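A.B. asks: Structure incoming, see below.
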Amino acid sequence: MGVHTEILDGFTPAAIGRAVAALKKGEVVAFPTETVYGLGADAFNSIGVARIFEMKKRPRFDPLIIHIGHKEWLPSLTKDVPAQAQRLIDRFWPGPLTIILEKKSIIPDIVTAGLPTVAIRMPSHPVALNLINDLERPVAAPSANPFGYMSPTTASHVARMFQGRLSLVLDGGACRFGLESTIVAIKDQQVFVRRYGAVSLEELRALLGEVREKGKNETIDSPGQLPYHYAPHAPLTIIRTVEEVKTSTSSLLLFRSPLKMPALRHVRILSQTGDLREAAANFFSYLIDLDREDVDMIYAEQMPEIGLGRAMMERLKKAARKRHQPTSAVTD
Ligand code: TXA
Ligand code: MG
């Protein structure tokens, strides 16, 4: 039922032209970035942006990231750019880092859920850049998954998740990083990590020196920080060794090659050699594969909480916590 979801090769000018025309009409299109796929609308078109919230079933109090095509667009969108933000931009843009800055009134309130700040990044994926630059406006886009579910890293994931409700997906191949962008905020010249992601804490510290991690008891100022985000439908348990796997009807996400392969039908190994970057690129894609109807538990092997391992473990812990939430609190 509903609309037919078309997947077009995003590297062709014709596909970009179709997507730009749709955005200009206030429609929503899915597009690739180097992190995960996004569900985009013209950031200046409140109706288009409202459609994103409806399609994702995302609460209106959860603000969106806007994606720009040139660093030079920044002064027209934000009030000022602190020195640390400028250093981060010089080093990581275009790329998987989102910075929260004070917004100008040109950005509709629906994008930022009424907050005085806006989350901005310049993606590096050529298809994303072509789309944004041909539109000549910033594109507001959350990850292209139903609210609370895992982020898609291929065009076919997106098409499956929004079948019948989305008309166009630009295919830009599998996402290089496979994890969402890292989000930072700057307050009184201090840099705070708001979400672990594709740029590691170690990389941020190498550039800036001190970078604060978000405190455990900090107030939730971005709803994406709710504990049940990024969750598969099946319950998930984090394990230290494969011996902890209980039933044959479960699936297993291994960080690296095990000494002995357990006898399960659905097993994925993130990286044979335990390489965190390779693991991250496969992470959501494998988890989505393992989240099957015939599976009643997903076991996930823990990995070292360094580099990109920190971002993956944060997502696994949130997924593991989901089954302890009352179902009414979980909005997939
Ligand atoms: O890699 C990414 O960042 C992907 C691609 C598509 O760019 N996008 C993405 O968007 O992950 P989304 O909406 O799934 O996650 C954005 C997070 C949410 O947790 C939201 O609450 C937070 O950013 N956020 C957005 N604007 C904010 C603001 N002004 N202040 C604090 N948090 C904000
Ligand atoms: Mg998301």
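The values are calculated or read from the model by the stated rules, or taken from the named source; none is laboratory data. No experiment lies behind these values; they were computed from the predicted model shown. Methodologically, a virtual Cβ is constructed for each residue, glycine included, from the backbone with ideal geometry; neighbour enumeration extends over all protein chains shown. Heads up: the accessible areas ignore ligands, DNA and RNA and are worked out on the full protein's heavy atoms, side chains in. Shrake-Rupley method; radii C 1.70, N 1.55, O 1.52, S 1.80 Å.
A.B. asks: What residue, among those in the range 19-39 that are of a type outside the set (A, V, I, L, M) and within 16 Å of ligand 1 (Cβ to nearest atom), is surrounded by the fewest Cβ atoms within 10 Å (Cβ to Cβ)?
C.D. replies: My answer is GLU34.
A.B. asks: Could you please find all residues in the range 266-303 being over 22 Å from ARG176 (Cβ atoms) and free of Cβ contacts under 8 Å to residues at least 24 places away in the same chain?
C.D. replies: Hits for the range 266-303 are VAL267, GLU293.
A.B. asks: Any idea which residue in the range 29-39 is nearest to LYS56 (Cα to Cα), counting only those that are within 15 Å of ligand 2 (Cβ to nearest atom) and among the hydrophobic types (A, V, I, L, M, F, W, C)?
C.D. replies: LEU39
A.B. asks: Quick check: anything in the range 140-147 within 16 Å of ligand 2 (Cβ to nearest atom), at pLDDT below 95 and either hydrophobic (A, V, I, L, M, F, W, C) or more than 16 Å from the chain's Cα centre (by Cα) (or both)?
C.D. replies: yes
A.B. asks: Kindly provide the set of residues from the range 87-108 that are open to solvent by 10 Å² or more (accessible area, probe 1.4 Å), in a loop (DSSP other than H, G, I, E, B) and more than 17 Å from PRO123 (Cα to Cα), ordered by number.
C.D. replies: The answer is LYS104, SER105, ILE106, PRO108.
A.B. asks: Could you please find all residues in the range 1-18 being in contact with a strand residue (DSSP E or B) (Cβ under 9 Å, 6 or more places away or on another chain) and either open to solvent by less than 60 Å² (accessible area, probe 1.4 Å) or more than 24 Å from PHE44 (Cβ to Cβ) (or both)?
C.D. replies: Once the filter is applied, which keeps residues that are in contact with a strand residue (DSSP E or B) (Cβ under 9 Å, 6 or more places away or on another chain) and either open to solvent by less than 60 Å² (accessible area, probe 1.4 Å) or more than 24 Å from PHE44 (Cβ to Cβ) (or both), the range 1-18 yields THR5, GLU6, ILE7, LEU8, ASP9, GLY10, PHE11, ALA14, ALA15, ILE16.
A.B. asks: While we're here: In this structure, does PRO146 turn out to be outside any helix (DSSP H, G or I) and under 16 Å from ALA198 (Cβ atoms)?
C.D. replies: no
A.B. asks: Next question, about the same structure. Those residues that are open to solvent by 10 Å² or more (accessible area, probe 1.4 Å), within 15 Å of ligand 2 (Cβ to nearest atom) and at pLDDT 95 or above, I need them from the range 40-66; list them, please.
C.D. replies: MET55, PRO63, ILE65
A.B. asks: Kindly indicate whether ASP171 is over 21 Å from HIS4 (Cα atoms) and either among the basic types (Lys, Arg) or modelled with pLDDT of 95 or more (or both).
C.D. replies: For ASP171, the condition - over 21 Å from HIS4 (Cα atoms) and either among the basic types (Lys, Arg) or modelled with pLDDT of 95 or more (or both) - is not met.
A.B. asks: Another question, then. In the range 177-212, how many are open to solvent by 40 Å² or more (accessible area, probe 1.4 Å), part of a strand (DSSP E or B) and among the small types (Gly, Ala, Ser)?
C.D. replies: Here the count works out to 0.
A.B. asks: State which residue is surrounded by the most Cβ atoms within 10 Å (Cβ to Cβ) when the search covers only the range 123-143 and only residues that are assigned to a loop (DSSP other than H, G, I, E, B) and more than 10 Å from ligand 1 (Cβ to nearest atom).
C.D. replies: Looking at residues that are assigned to a loop (DSSP other than H, G, I, E, B) and more than 10 Å from ligand 1 (Cβ to nearest atom), I get PRO138.
A.B. asks: Let me ask something else. For the range 144-163, check the following and say yes or no: at least one residue is within 12 Å of ligand 1 (Cβ to nearest atom) and open to solvent by 10 Å² or more (accessible area, probe 1.4 Å).
C.D. replies: yes
A.B. asks: Out of the range 164-176, which residues are within 11 Å of ligand 1 (Cβ to nearest atom) and surrounded by fewer than 18 Cβ atoms within 10 Å (Cβ to Cβ)?
C.D. replies: None - no residue of the range 164-176 is within 11 Å of ligand 1 (Cβ to nearest atom) and surrounded by fewer than 18 Cβ atoms within 10 Å (Cβ to Cβ), so the list stays empty.
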